[in-house]
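The values are calculated or read from the model by the stated rules, or taken from the named source; none is laboratory data. Computed from a predicted structure; not experimentally measured. Here Cβ is always computed from backbone atoms with ideal geometry, including for glycine, and neighbour counts include all displayed protein chains.
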Amino acid sequence: MKERVRSMSIVVALLSTACGSSSPNGVATSDAGSTDATTLDTAPFDSGQGGGAETGAGEAGPVVPASITVDPSTKLGTIGAGFVGLSYEKSHLEGGFFRGDNAALVAMLDLLGPSVLRVGGNSVDSTAWQTYDAGAPSGDAAAPTTITAADVDGLALLAKAANWKVIYGVNMKLSSPSVADDEATYAAQALGDSLYGFEIGNECDLYTTVASSPGPWTYDAYRSDWELFAGAMHQGAPGAPLTGPASANHYATWTVPFANDEAAEIVLLTQHYYVANGEAATSTIDLLLSPDPTLVTELQALSTAATTNSIPGAYRISECNSFYNGGASGVSDAYGTALWAIDFLFANAQYGSTGTNFHGGGDGTGYTPIADADGDVVGARPIFYGMLLFTKAGQGSMLKTSGAPTSLNFSAYAVGAAGSTTNVVLSNKDRTATVHATVDVGSAISSAGAMRLEGPALEATTGVTLGGVAIGADGGFTPNAPEALEASGTTFTVDVPPASAVLVTAQ
């Protein structure tokens, strides 16, 4: 979670950048400047904004024809293994949710994975590490949550059961290098091959001071402190991989310099992303689904930094969701987030990201892909359906598409999957219009089958289906047989109703 504000220039000219942070007096600040500027390529979001006052999905309305072309020779990006991951507050470790015998959670993870589970969030800097044979370190005695060896063991068993990797965060703000060393020593041993890497601190660009290095907090102070923690952690866990910097928003003045300075020390460059403040009245479904060209600028800058510095795992948006501060009630838990997630994931794929981690936890009215309470799964939230549709589009090359109707909030994506299969995702965020699409995939096909993502309305918090069925609270998911579409030569036709998406497998 973070405290930052996204540009709303598409809707109203209130703020100037996606990278602003909220100062203590609530005034938005920004790191945007000439050094951040890049040429915008809004390909993933090149359609106009849907309008209309209607809120229902599937209501009778106009039919808009579209001729969409897939260019198999033009690859925009790559979707690899583990692209769709999850992120949780570190404090969630103590609730008993992460355990190897949590069959429902393992089943949910299986739907998306194998992938990456990140444990961090704001609570990483307000938790204390307690060794298995000693009390909480004195430097962290005032921390409200204590993470024990048993908590880490449960996480390790879950990771092994689901075949997921773990990014594990340690306290930087209130702790010390020696405590981090003790925790890293235990966590590295417990997680073993399931450890993707350690994360030191959370959103350190928003700190004002830290316990181990009193004084003005700047990027240079952060880098010096980070190196102290990293060195100490490698004493007890030699060779353990490190990730970072897990910045909230200052990618140009924090994340990019960190990539330049610490490329030899990290296996993955990380950044966080939220659209806007969940407590703001303007944080609506319409804002969420409106194009955000500043996202493209940010992803391009991160991609360049990771590539230029030859960071092995490139970069990852290691914490993300709709609106920060826990989300917007009735928005972040609504069906519209599923359609937003599809666009967000494909934007990441196009601009060099190796994956994303959607933040969550709990059963409130804000954001979480998987709702949970008292250590058990409650069910899949609407955003999880969008994440799953993207996952089912498969691994492979993201291919260029053209011809999507620009009069609607409509997106078209294609993935060149294994063999001669082309998976096409069409997402219609318009509230009233149906798109009648004729899609040319650029190679001969003999069949085309559709899986639909549908919900009662963009604001609906229940009733979402994928492939005609809901995901069970136990993680069970058996979609209906694909809907057979008319296919001939290199083309197929499909209707995409208002507020819906469809995944078409053409082969």
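Testing T185 on (1) among the hydroxyl-bearing types (S, T, Y); (2) under 25 Å from S115 (Cβ atoms); (3) not in a strand (DSSP E or B), one condition comes back false. Which one is that?
Single failed check for T185: (2).
Going by the conditions given, is L268 in contact (Cβ under 8 Å) with a residue 40 or more places away in the chain, aliphatic (A, V, I, L, M) and closer than 30 Å to P382 by Cβ?
yes
Taking the condition assigned to a loop (DSSP other than H, G, I, E, B), of a type outside the set (A, V, I, L, M), over 26 Å from S332 (Cα atoms) and modelled with pLDDT of 95 or more, does G476 pass?
So G476 does not fit the description; no.
Considering only the range 235-247, I want to know if a residue exists there that is among the β-branched types (V, I, T), closer than 27 Å to F323 by Cα and free of Cβ contacts under 8 Å to residues at least 60 places away in the same chain.
no
With T337, T307, T354 as the choices, which residue is in contact with a Pro (Cβ under 8 Å, 6 or more places away or on another chain) and at pLDDT 95 or above?
Selected residue: T337, the only one of T337, T307, T354 that is in contact with a Pro (Cβ under 8 Å, 6 or more places away or on another chain) and at pLDDT 95 or above.
Please specify each residue of the range 460-507 satisfying the condition of being under 23 Å from A373 (Cβ atoms) and of a type outside the set (V, I, T).
Scanning the range 460-507 gives A460, G463, A470, G472, A473, D474, G475, G476, F477.
Here is a list of conditions, (1) touching a strand residue (DSSP E or B) at 6+ places or on another chain (Cβ under 7 Å); (2) surrounded by 22 or more Cβ atoms within 10 Å (Cβ to Cβ), and L242 meets all of them except one; can you say which number that is?
L242 satisfies every listed condition except (2).
Kindly provide the set of residues from the range 73-95 that are in a strand (DSSP E or B) and either aliphatic (A, V, I, L, M) or closer than 10 Å to A349 by Cβ (or both), ordered by number.
L76, G77, T78, I79, V84, L86
Inside the range 260-291, can you point out the residues that are touching a helix residue (DSSP H, G or I) at 6+ places or on another chain (Cβ under 7 Å) and either assigned to a loop (DSSP other than H, G, I, E, B) or not assigned by TED's automatic domain parsing to the domain that holds R316 (or both)?
Within the range 260-291, E265, P291 qualify.
Quick check on this structure: which one of T255, T208, T243 is among the hydroxyl-bearing types (S, T, Y), closer than 22 Å to T304 by Cα and not in a helix (DSSP H, G or I)?
Every option except T243 fails the conditions.
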